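This report concerns only the one structure given below.
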Amino acid sequence: MHHRWADITFIHWRYPPEVVQGFLPDGLTVDTFEGSAYVGVTPFLMRDVRAPGLPPLPWLSRFPETNVRTYARDAQGRGGLWFLSLDAGSLPAVLGARAGYGLPYYWSRMSVSGAGERRSYRCRRVWPGAPGSSDVRCDADVDLGAPVTEAERSGLADFLVERYRLFTVVAGRLATAEVEHPRWPLHHARTAGLEQGLLRAAGLPEPGHDPIVHASPGVSVRIGMWRPVQAGEPA
């Protein structure tokens with residue numbers, strides 16, 4: 001699939017590695033930076049969604065999305081994304097991603113808006129939902145700051161955002177798909193307001209500290225079809 005991830009904010013919290021490991025399937029090990037695991041909430045606007053060789057369809061190609069993600073490595077040492085949840089404002093996209101990639105998508109009422117350096121995201125989960133989950137939401141107001149310098153990118157920032165593979169489980173087997181895009185144009189950012197229940201809904205404890213925040217105007221992305229992770233395959 002081809003699409004553009006636009007007006008994205010990366011909101012990350014540190015977690016003990018043993019906490020995050022409990023959310024990973026067999027075959028994946030939590031990826032850490034200086035001894036800490038990280039979980040991110042990433043709201044953004046999905047644009048120009050299309051299959052190869054086809055034009056974007058107006059009623060299917062643009063919708064908000066908010067992901068809860070962490071970072072893992074497979075037995076071959078390849079790093080990638082593991083999604084704890086993905087909320088999208090398009091029911092067809094939710095159904096397609098659940099069927100095609102085995103990803104834990106949820107249908108939500110969502111919006112992305114902006115004026116000047118402020119970005120505002122709203123998310124209310126609709127389906128599927130467990131009893132008591134009717135108020136699972138993420139409301140974030142984010143102010144963009146200065147660009148992240150090259151020296152600042154060489155450490156934690158790149159660890160959190162430059163990921164070119166996703167992992168999933170399809171038919172009970174660990175699978176992977178490659179994610180191709182240019183390097184993120186990245187800015188420092190701060191949350192002017194944040195109320196979210198996505199971490200708790202995923203089963204995570206509250207982090208208990210302020211998040212690390214970055215933002216980007218976006219990149220164009222191509223995601224390949226999943227394939228099973230074979231034991232002993234070359235990295």
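Things worth noting here:
- Among the conditions (1) surrounded by 22 or more Cβ atoms within 10 Å (Cβ to Cβ); (2) farther than 19 Å from Glu162 by Cα; (3) modelled with pLDDT of 95 or more, the only one that Pro25 does not satisfy is (1).
- For region 195-210, a tally of residues being closer than 29 Å to Pro185 by Cβ, within 16 Å of the chain's Cα centre (by Cα) and surrounded by fewer than 19 Cβ atoms within 10 Å (Cβ to Cβ) returns 1.
- Any hit, region 32-52, residues being part of a strand (DSSP E or B), closer than 30 Å to Gly116 by Cβ and open to solvent by 50 Å² or more (accessible area, probe 1.4 Å): yes
- Region 208-235, residues that are in contact with a helix residue (DSSP H, G or I) (Cβ under 8 Å, 6 or more places away or on another chain) and at pLDDT 95 or above: Ile212, His214, Ser216
- Taking first residues from region 21-42 that are closer than 18 Å to Glu206 by Cα and partners that are of a type in the set (Lys, Arg), the Cβ contacts under 9 Å between residues at least 6 apart in sequence or on separate chains come to Ser36/Arg14; Ala37/Arg14; Tyr38/Arg14; Val39/Arg14; Val39/Arg69; Gly40/Arg69; Val41/Arg69; Thr42/Arg69.
- Close pairs from region 177-201: first in contact (Cβ under 8 Å) with a residue 24 or more places away in the chain, partner assigned to a loop (DSSP other than H, G, I, E, B) and of a type in the set (Phe, Trp, Tyr), Cβ under 9 Å, at least 6 apart: Ala177/Trp226; Glu178/Tyr164; Val179/Tyr164; Glu180/Tyr164; His181/Tyr164
- Single match in Val142, Val148, Val179 (criterion: open to solvent by less than 60 Å² (accessible area, probe 1.4 Å), under 17 Å from Gly218 (Cβ atoms) and in contact with a helix residue (DSSP H, G or I) (Cβ under 9 Å, 6 or more places away or on another chain)): Val148
- Per-region count, region 83-107, residues in contact with a helix residue (DSSP H, G or I) (Cβ under 9 Å, 6 or more places away or on another chain) and either without any contact (Cβ under 8 Å) to a residue 12 or more places away in the chain or closer than 23 Å to Val213 by Cα (or both): 5
- Ala192 meets each of the listed conditions (1) under 17 Å from Asn67 (Cβ atoms); (2) exposed (fewer than 13 other Cβ atoms within 10 Å of the Cβ) apart from (1).
- Residue within region 3-16 that is farther than 22 Å from His187 by Cα and of a type in the set (A, V, I, L, M) present: no
The values are calculated or read from the model by the stated rules, or taken from the named source; none is laboratory data. Everything quoted here is computed from the prediction, not taken from an experiment. Here Cβ is always computed from backbone atoms with ideal geometry, including for glycine, and neighbour counts include all displayed protein chains. Each accessible area value is taken on the protein alone, full model and side chains, heavy atoms only, with ligands, DNA and RNA left out. Shrake-Rupley method; radii C 1.70, N 1.55, O 1.52, S 1.80 Å.
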